[in-house]
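Following: one structure in structure tokens, then a few remarks.
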Amino acid sequence: MRYEQAARPGLSDTLLDWYDVHAREMPWRVPPGERKAGTLPDPYRVWLSEVMLQQTTVVTVRDYFQRFTGRWPTVGDLAAAEDSEVMGEWAGLGYYARARNLLKCARAVVADHGGAFPADYDALVKLPGIGPYTAAAVSSIAFDLPHAVLDGNVERVMARLHNIHTPLPDAKPELMREAKALTPDRRPGDYAQAVMDLGATVCTPRSPACGICPWREPCEARRLGTAPDLPRKQPKKAKPVRHGIIFVGQRRDGAWLLETRPDKGLLGGMLGWPGSDWIDVSEPLPETPPPCPADWQPVDAEIRHTFTHFHLLLRVRTAQIDSGTQCDRGAFVAPENFRPSDLPTVMRKAFDLIR
Ligand code: SF4
């Protein structure tokens with residue numbers, strides 16, 4: 001049995017009361033007390049945090065967010081930044097297409113919207129890298145527009161509140177309908193953050209703390225004892241394994257041989273070591289010519305890294321490269337200009353391996 005439609009405004013009020021006391025502190029968030037006093041969040045900070053939080057935890061995002069907003073305090077500052085600087089700051093956050101779209105979006109906001117994010121879902125969702133989720137999150141959190149936000153936390157809360165057993169991802173439309181039905185016209189931005197906080201801190205995946213939950217009375221899954229089983233998910237397919245080789249070379253004066261990867265494709269626009277394509281066969285791995293003549297030696301360990309759709313096993317070759325050697329790929333970067341933190345994680349693993 002579903003909770004009656006007429007009772008739903010009560011549900012959002014109950015949750016907002018809980019949020020007023022239990023809201024998590026976030027560097028991009030305006031706390032509920034200040035918000036009620038009229039302070040609105042900076043849409044740039046809301047957008048930046050939402051892009052960073054896709055596929056990444058709050059704990060990891062905090063430092064990146066502080067560094068980004070310290071270095072580029074406004075969307076105009078970010079739009080004017082060098083691509084390589086932004087990609088370097090993003091290194092380690094993963095899902096690098098997000099960083100490329102971040103820049104495209106900042107530049108579109110400056111070029112097409114006078115440097116201010118539009119307070120309109122339809123305009124937001126047309127910006128590069130902003131999909132329905134981010135448009136809804138910015139609309140509600142930054143502009144207090146009643147758009148339902150459905151992230152993993154909210155999916156879990158909705159599935160349990162309404163005891164929905166359809167497996168994800170097929171359940172998404174049904175969960176979205178329920179999320180929309182509950183989204184209030186009063187304080188929709190705080191409400192969106194409240195449901196996310198409830199999922200992150202109380203209605204947690206393995207052991208929901210139903211005893212302290214503001215929605216324990218109407219919650220169907222709590223009543224039926226099904227909460228730990230929800231939401232159901234389609235079994236995941238095993239990820240394929242891909243293989244490749246990379247060449248980590250250093251000139252005798254200490255300069256590293258690096259290349260900027262092509263804009264399109266995995267790790268696009270990021271700094272990396274020259275190497276082979278990543279392919280599905282392991283033995284024999286096709287011969288890959290090194291980027292320049294040197295005594296390339298295999299390293300007695302492989303890099304293991306997992307991307308969204310596959311696991312990667314990388315063999316590493318390393319060499320000291322003579323001064324004056326001509327290279328077919330990459331460019332030498334002086335040690336004083338090289339920050340290992342500018343490397344994406346998989347490339348950083350290779351650097352850590354040979355140090
Ligand atoms: Fe989640 Fe339990 Fe609250 Fe239901 S009562 S929403 S299962 S924490």
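Legend: translational diffusion of the chain by Stokes-Einstein, Rh = Kirkwood radius over C-alpha pairs, 4 °C, 1.567 mPa s; D = 57 µm²/s. Neighbours of Cys203, meaning other residues whose beta-carbon lies under 12 angstrom from its beta-carbon, give a summed charge of +3 when Lys and Arg score +1 and Asp and Glu score -1. Relative to the longest principal axis of the Cα atoms of the chain, the long axis of helix 58-71 lies at roughly 70 degrees. Considering only region 241-354, what is the antiparallel percent among its DSSP beta bridges, to the nearest 5? Percent antiparallel among DSSP bridges in region 241-354 is about 60.
Relative to the longest principal axis of the Cα atoms of the chain, helix 152-161 runs at roughly 30 degrees. Based on the reciprocal of the average 1/r between different C-alpha atoms, the Kirkwood radius for region 159-229 equals 12.8 Å.
Of the GluC sites (Glu not before Pro) found in region 247-355, those in coil by DSSP whose Cβ has at most 13 other Cβ atoms within 10 Å are Glu287.
Spin-label model, Phe351/Lys237: points 7 Å from Cα along the beta carbon direction are separated by 3.5 nm.
Other residues lying with their Cβ under 13 Å from the Cβ of Cys105 contribute a combined charge of +3, Lys and Arg counting +1, Asp and Glu -1. Between Gln55 and Val299, the modelled labels are 2.3 nm apart [label points 7 Å from Cα along Cα→Cβ].
Cβ crowding within 10 Å ranks Leu258, Leu353 as Leu353, Leu258, fewest other Cβ atoms first. Among beta bridges identified by DSSP and lying wholly in the chain, the antiparallel ones come to about 55 percent.
For region 103-156, the direction-averaged projected area of the alpha-carbon convex hull comes to 3.7 nm².
Extending 7 Å from the Cα toward the beta-carbon at both Thr260 and Ala111 defines two label points whose distance is 1.7 nm.
Counting Lys and Arg as +1 and Asp and Glu as -1 over every other residue whose Cβ lies under 13 Å from the Cβ of Ile321, the net charge comes to 0. Only lysine pairs 8 or more places apart, or on different chains, with alpha-carbon atoms under 25 angstrom apart are counted in the chain, and they number 15. By the Cβ rule of 4.7 Å, the chain holds the following cysteines without a possible disulfide partner: Cys105, Cys203, Cys210, Cys213, Cys219. Between 0 and 90 degrees, the angle of helix 188-201 with respect to the longest Cα principal axis of the chain falls at about 70 degrees.
Here region 241-354 is treated with +1 on each Lys and Arg Cβ and -1 on each Asp and Glu Cβ, and its dipole about the Cα centre works out to around 260 debye. Full extension of the segment from Glu283 to Leu40, taken as 0.36 nm per residue of separation minus the current Cα-Cα distance, would add 81.7 nm. Between Ile354, Pro208, Gln250, the Cα set farthest toward the positive side of the dipole of the chain (charges on each charged residue's Cβ, about the Cα centre) is that of Pro208. Arranged from fewest to most other beta-carbon atoms within 10 Å of their beta carbon, Thr345, Thr288 become Thr345, Thr288.
The numbers here are math on the coordinates, done by the rules we state, and not lab data. No experiment lies behind these values; they were computed from the predicted model shown. Because the Cβ atoms are built from the backbone with ideal geometry, glycine has one as well, and the counts that use them run over all protein chains shown.
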